Amino acid sequence: MTLSFLIPSILLILSLITAGIIYWFWYNCFRIESRRYLKALCCGNPAHFVEAPAIALTFDDGIHPEYTPKILEILEKHQIKATFFLIGEKAQAYPEWVRYIHANGHQIGIHSFYHRNSFPFQSAAAIRDELEQTRLILSRLVGTEIFLFRPPFGVTNPMIAQATQQLNLTTIGWSIRSLDTRSSSIEQTLKRICKKLHPGGIILLHDTLPQAPELLEALLALLDKKKYQILSLEQILQIKFQSSLNLTK
């Protein structure tokens with residue numbers, strides 16, 4: 001076996017090892033579940049939900065002019081309150097739905113202004129300005145200060161941590177990631193959720209997908225079958241921490 005044949009194989013192996021190290025480092029340091037940079041509130045304590053298991057529903061990336069209204073209609077039909085982490089430019093484009101969400105008792109949070117891939121790579125000042133711009137739009141629309149924040153892609157780093165601290169934001173993670181943005185069937189998505197389902201959990205969904213309304217209906221049926229209550233995010237977190245959190249003003 002000649003050296004010229006071995007070199008490409010060695011380079012490929014080294015590349016795979018390097019990619020694995022980079023992924024491990026990112027997965028353990030920058031993902032929101034690690035809480036390395038941000039003390040994100042991610043899940044409840046099962047011990048607090050012995051009598052009646054409960055979870056909270058959260059939706060990212062809205063507003064979508066077609067699918068968000070359908071999601072709201074389903075939630076209203078079942079008398080369920082959820083939390084919507086909104087993108088600033090979408091909220092600006094559809095202000096009537098932001099007001100509708102708030103008027104119907106749902107919580108609203110910040111999910112950046114543009115939700116660009118470059119969001120985590122900006123300076124702390126640029127991140128702060130983008131979050132402040134989004135908060136100003138949302139606060140003016142609903143008439144109250146917004147303090148909830150979920151970072152795009154669930155990525156955290158020192159710059160994001162600095163910006164959220166300066167703005168006194170409460171960072172909300174999740175404990176059950178549906179991965180509903182993947183090109184998989186509703187049945188597969190439900191299986192992923194069911195596998196991770198636990199009392200006091202926070203489920204991450206998206207209200208911007210064509211299958212979102214059908215998935216929500218199927219999920220509500222699943223939760224009902226398993227005797228789960230659906231509480232608001234504020235209720236879930238206050239039960240867990242048994243203290244007053246900076247969730248609303």
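Does any residue of segment 89-98 turn out to be in the same structural domain as L169 (by TED's automatic domain parsing), in a loop (DSSP other than H, G, I, E, B) and either surrounded by fewer than 15 Cβ atoms within 10 Å (Cβ to Cβ) or modelled with pLDDT of 80 or more (or both)? Before the answer, list the steps.
At the first step, the residues of segment 89-98 found to be in the same structural domain as L169 (by TED's automatic domain parsing) are 89-98.
From the residues that got through so far, the ones that are in a loop (DSSP other than H, G, I, E, B) too are 94.
Add one more test, that the residue is either surrounded by fewer than 15 Cβ atoms within 10 Å (Cβ to Cβ) or modelled with pLDDT of 80 or more (or both), and what stays is 94.
The answer is yes, given that some residue of segment 89-98 is in the same structural domain as L169 (by TED's automatic domain parsing), in a loop (DSSP other than H, G, I, E, B) and either surrounded by fewer than 15 Cβ atoms within 10 Å (Cβ to Cβ) or modelled with pLDDT of 80 or more (or both).
Check off (1) assigned to a helix (DSSP H, G or I); (2) of a type in the set (A, V, I, L, M, F, W, C); (3) under 18 Å from the mean Cα position of the chain (by Cα) for A126 and give me the number that stays unchecked.
Tallying (1) assigned to a helix (DSSP H, G or I); (2) of a type in the set (A, V, I, L, M, F, W, C); (3) under 18 Å from the mean Cα position of the chain (by Cα), A126 fails exactly one: (3).
Which condition from (1) surrounded by fewer than 21 Cβ atoms within 10 Å (Cβ to Cβ); (2) in a loop (DSSP other than H, G, I, E, B) is the one that E217 breaks?
For E217, the exception is condition (2).
In this structure, is E76 within 30 Å of L220 (Cβ to Cβ) and without any contact (Cβ under 8 Å) to a residue 12 or more places away in the chain?
Values: within 30 Å of L220 (Cβ to Cβ): yes; without any contact (Cβ under 8 Å) to a residue 12 or more places away in the chain: no.
Here the answer is no, as E76 does not meet what is asked.
From the list L197, L204, L215, exactly one residue is aliphatic (A, V, I, L, M) and in contact with a helix residue (DSSP H, G or I) (Cβ under 6 Å, 6 or more places away or on another chain). Which is it?
Details: L197 fails: in contact with a helix residue (DSSP H, G or I) (Cβ under 6 Å, 6 or more places away or on another chain); L204 fails: in contact with a helix residue (DSSP H, G or I) (Cβ under 6 Å, 6 or more places away or on another chain).
One residue alone meets the criteria, L215.
Pick out the one residue from P158, P65, P69 that is surrounded by fewer than 22 Cβ atoms within 10 Å (Cβ to Cβ) and at pLDDT below 95. Steps first, please.
Details: P65 fails: at pLDDT below 95; P69 fails: at pLDDT below 95.
Only one candidate passes the filter, namely P158.
Among the numbered conditions (1) over 19 Å from G62 (Cβ atoms); (2) under 15 Å from the mean Cα position of the chain (by Cα), tell me where N168 comes up short.
With respect to (1) over 19 Å from G62 (Cβ atoms); (2) under 15 Å from the mean Cα position of the chain (by Cα), N168 is out only on (2).
The values are calculated or read from the model by the stated rules, or taken from the named source; none is laboratory data. Since the model is a prediction, treat every value here as computed from it, not as a measurement. Glycine also receives a Cβ, built like all others from the backbone with ideal geometry; neighbour counts cover every protein chain displayed.
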